[in-house]
Amino acid sequence: MKKLKVFLVLSLLLGSLLFAKDADLRLVSEVGIHTEAWKSLMDDFTKQTGITLQLEQIPYANYFDKLMLSYTSGRNDYDVPYVSGLWVPALAKAKYIYPISDITGAKALNFKDIPGISIYTIDKKVYMIPFYQELGGVVYRTDLFNDPVEKQKFKEKYGYELQPPKTLKQYLDIAEFFYRPPDLYGITLMGQRSIFLVTHFMQRLWAMGGKLFDSKMKPTFNSKIGEKALENLKEFFKYASPACKNYVFQDALTEFENGKSAMAEIWTTALFYANNPQISKVAGKASFVGFPRTEETLNRKLPMLYISWGFVVSSSTKDKQKAIEWIKFATDPKNLVKVAPIGCIPARFSALRDPELPKKLSWIPDFEKALSNCIPTPLYPLIPEGQAIINNYLAPNISDYLAGIKTAKQALDDAAKGVYELLNNAGYYSK
Amino acid sequence: MNKKINPGVFYLLPVMLFIILIFLIPLIYSLGTSFTRWLLLRPDLGVKFIGLTNYIRLFKDIFTWQTLGRTFYFVFGAVSIETIVGFILALTLNTEFKGWKVVQSIILVPFMMAPIVVGFTWKFILDDNFGLIPYMLKAIGLGNITKDVPLLANPKMAMPMIIIADAWEYIPVVTLIILAGLKSLPIELYEAANVDGATSFQKFKYITLPMLRPVILVAVVMRTLTSLQVFDSIYVMTGGGPGSATETLSFYTYREAFISYDIGFSSALNVLIILLAMIFTIIYMKIIRG
């Protein structure tokens, strides 16, 4: 009897190996809520088209490494990876991904309906179709901002109405006003040496009219504006909890969700979590405003931190037509609106303007307003060296400044020197 | 004349193959790539032989020397604490008291945890909002230490915290090694010492310590070599910060390999780590033989 059981199990295993069929399309993604949003469309797609899908999900921390290992080893592991827009230049330049605009049927994807399409366009070819997008800005507590007592006290102290900040001065005033430790802090920031810390600097640099690079890719972030931006950032840490100095995204989100701060300088994804009654103590009380400007730059259209994730097609994919079919289905405006509440801000103008969407996500009009008033700018320069510039040069030096090891000028000059050498070695200045 | 092949060679073949495949080939490959410019994100630039350029860059850069200094700080700090505390624990556990087997098992728990879990655990323990250590510091009137800057964001305190987390994880293994050594000491020497009227301290100084020297050195060598590779706790707890206060050679290598994707330069860093490991091993072996 025992031998029979063993034989049956082995036969099943062998049979499953012999007769198992690879799915028509192999997808790969990080583990995240916007992945959950399009995952919910997979069964419908298969029912509608007969094309089978298989998905592998990898934690974000390891995702890019695993994708790179798959490509550099020459294996054909994934047909349609779901990637960050930031990775597209590196993947495209190395020819690991195929230009979607060159695939038959790509016109049906309606590129004009996509915000920031230029970010994914290299040498006039579109490499990624975004599914999801978000902006970096300020998430704030509507209950505190709308409270009549708070409003009155604020007006008495600062001489103007309490409202979501439009200028950096208002932003700092509000952070100071709500700084009531240990129960409430004015602002939540992400102070650990990481890309998150650098985003605080970049937002301020852009808000003040500064730039990371000039037209010849020479660093300009170590200008006087850069120094001011860095010093301004340090001011804000005075009204944050001391623990913020070691926060990354998840820590900052947790602090805000627990109602410990009036504002959080974070991204719009946070709203899905902050407004989730199952995990957040401030559910229904969180909204968003684009990153504030200075008085001088208030009416200018300036860069603002912009993040998007979308679908690319691996160069090694055998059936690129099927890939286009999936991408078309997943990024159809109707489907984007349908799955938005799961955790996705649609990356199509038509979906954002759909009257049904604000009924599901009340802060969408604020998001659209911020998006239309800014130049969507990726987290790091869209060159293969972009990640290294942020993580290996800006992050350690900004962290050095905040820890009191360097002055703002020293920190930015050291970062600029390292970046210059990096880009020089990679041949950017020899053309 | 036919030379007879020693049949013992065939028994050694599997392990030699293992060493060649798992150790020698990657080592030689890494050494080879350290003489190239190979940027994985720039396949258009190709793989180019550049001789010693990576090593010159490595040793000319003041950051490398600072990182070496931090690495030695970490290794010396962690190994010292682990050896001293491990030794004391081993001496304590060498006497059989009620429940000593249970205590022995509990002591092993930190070592059973994955290093990344240890990192997260200590990040929570040191968290300024709800961590145990800041709470205890405030309770005993030392709240000023973390008042404005949390321990992990303090450039002077961050590395000691990483050392403590590492020591917490690896003290059990040092304890076990030394305990095994203690249990193997010949009892007759102690009996003879008792007959001669030796005090406990004299027995410890003239019998236990000298006899345990090789065992302690094995533990020290093992921990030194593994400490050089510390990564998980730094990655989770501080990301190498604040500034570069907790960036060791292995973390620097990770940045160059998996953020810059500079395979040539990160291979050179790897070779440096291997050289350091070899130097430490040679020094310790000389001490053992001496």
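Worth a mention:
- Tally of residues being within 20 Å of B:Gly46 (Cα to Cα) and aromatic (Phe, Trp, Tyr) across the range A:61-86: 1
- Some residue of the range A:191-204 being more than 21 Å from the chain's Cα centre (by Cα) and either at pLDDT below 95 or under 23 Å from A:Lys409 (Cβ atoms) (or both): no
- Among residues of the range A:21-57, those that are within 17 Å of the chain's Cα centre (by Cα) and either surrounded by fewer than 12 Cβ atoms within 10 Å (Cβ to Cβ) or of a type outside the set (S, T, N, Q) (or both), counted: 8
Matching residues to (1) within 14 Å of another protein chain (Cβ to nearest Cβ); (2) part of a helix (DSSP H, G or I); (3) in contact with a Gly (Cβ under 8 Å, 6 or more places away or on another chain):
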{"position": "A:Val28", "(1), (2), (3)": "no, no, no"}
{"position": "A:Asp44", "(1), (2), (3)": "no, yes, no"}
{"position": "A:Lys47", "(1), (2), (3)": "no, yes, no"}
{"position": "A:Gln54", "(1), (2), (3)": "no, no, no"}
{"position": "A:Lys66", "(1), (2), (3)": "yes, yes, no"}
{"position": "A:Leu69", "(1), (2), (3)": "yes, yes, no"}
{"position": "A:Leu86", "(1), (2), (3)": "yes, yes, yes"}
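- For the range A:364-381, the candidate set comprises residues that are assigned to a helix (DSSP H, G or I) and of a type in the set (A, V, I, L, M); within that set, the residue that is farthest from A:Phe291 (Cα to Cα) is A:Ile364.
- Listed conditions (1) over 24 Å from B:Val236 (Cα atoms); (2) within 14 Å of another protein chain (Cβ to nearest Cβ) are all met by A:Asp79, apart from (2).
- Yes/no for A:Tyr96 being among the hydroxyl-bearing types (Ser, Thr, Tyr), surrounded by 15 or more Cβ atoms within 10 Å (Cβ to Cβ), within 14 Å of chain B (Cβ to nearest Cβ) and touching a strand residue (DSSP E or B) at 6+ places or on another chain (Cβ under 6 Å): no
- Which listed residue is within 22 Å of the chain's Cα centre (by Cα) and more than 14 Å from chain A (Cβ to nearest Cβ), from B:Met112, B:Met157: B:Met112
- In the range A:382-408, of all residues being touching an Asp or Glu at 6+ places or on another chain (Cβ under 6 Å) and in a helix (DSSP H, G or I), the one that is farthest from the other protein chains (Cβ to nearest Cβ) corresponds to A:Ala408.
- Boolean, B:Ser267 is in contact with a strand residue (DSSP E or B) (Cβ under 9 Å, 6 or more places away or on another chain), buried (at least 17 other Cβ atoms within 10 Å of the Cβ) and more than 9 Å from chain A (Cβ to nearest Cβ): yes
- Matching helices (runs of 4 or more DSSP H) fully within the range A:249-363 where at least 2 residues are among the hydrophobic types (A, V, I, L, M, F, W, C): A:249-257, A:269-274, A:320-330, A:333-343, A:349-352
- The residues listed here are B:Ile259, B:Ile263; of these, the one that is modelled with pLDDT under 90, of a type in the set (Val, Ile, Thr) and closer than 30 Å to B:Arg42 by Cβ is B:Ile259.
- Sole residue being in contact with a Leu (Cβ under 6 Å, 6 or more places away or on another chain), modelled with pLDDT of 95 or more and farther than 30 Å from A:Val80 by Cα, chosen from A:Ala415, A:Ala370, A:Ala411: A:Ala415
- Selection of the range B:40-53 for residues being away from every other protein chain (no Cβ under 11 Å) and outside any strand (DSSP E or B) yields B:Gly46, B:Gly51, B:Leu52.
- Members of the range B:138-156 found to be outside any helix (DSSP H, G or I) and of a type in the set (Lys, Arg), listed by number: B:Lys147, B:Lys156
- Once the range A:206-237 is narrowed to residues that are of a type in the set (A, V, I, L, M, F, W, C) and more than 15 Å from A:Asp413 (Cα to Cα), the residue that is surrounded by the most Cβ atoms within 10 Å (Cβ to Cβ) is A:Ala207.
- Residue selected from the range A:416-428 under the condition away from chain B (no Cβ under 12 Å) and touching a residue at least 24 places away in the same chain (Cβ under 8 Å), by the criterion farthest from A:Ser215 (Cα to Cα): A:Ala416
- Just so you know, in the range A:36-78 the residues that are out of contact with any Leu (no Cβ under 9 Å at 6 or more places or on another chain) and among the hydroxyl-bearing types (Ser, Thr, Tyr) include one that is nearest to A:Phe131 (Cα to Cα), and it is A:Ser40.
- Among the residues examined, B:Thr64 qualifies as touching a helix residue (DSSP H, G or I) at 6+ places or on another chain (Cβ under 7 Å), surrounded by 11 or more Cβ atoms within 10 Å (Cβ to Cβ) and either within 14 Å of another protein chain (Cβ to nearest Cβ) or in contact (Cβ under 8 Å) with a residue 40 or more places away in the chain (or both).
- Search result, residues across the range B:194-233 that are free of Cβ contacts under 8 Å to residues at least 12 places away in the same chain, closer than 19 Å to B:Ala180 by Cα, of a type outside the set (A, V, I, L, M) and surrounded by 12 or more Cβ atoms within 10 Å (Cβ to Cβ): B:Phe204, B:Lys205
- Consider the range B:78-132 and keep the residues that are acidic (Asp, Glu) and not in a helix (DSSP H, G or I). The one that is surrounded by the most Cβ atoms within 10 Å (Cβ to Cβ) is B:Asp128.
- Taking the listed residues B:Ile106, B:Ile84, B:Ile56, the one that is closer than 27 Å to B:Ala277 by Cα and away from chain A (no Cβ under 14 Å) is B:Ile84, with no other qualifying.
- Criterion (within 17 Å of the chain's Cα centre (by Cα) and either at negative phi or within 12 Å of chain B (Cβ to nearest Cβ) (or both)) met by exactly one of A:Pro355, A:Pro341, A:Pro376: A:Pro376
- Breaking point among (1) within 14 Å of chain B (Cβ to nearest Cβ); (2) at pLDDT below 95, for A:Leu184: (2)
The values are calculated or read from the model by the stated rules, or taken from the named source; none is laboratory data. This structure is a prediction, so every number in the text was calculated from the model and none was measured. Neighbour counts run over all protein chains shown; Cβ positions are idealised from the backbone, glycine included.
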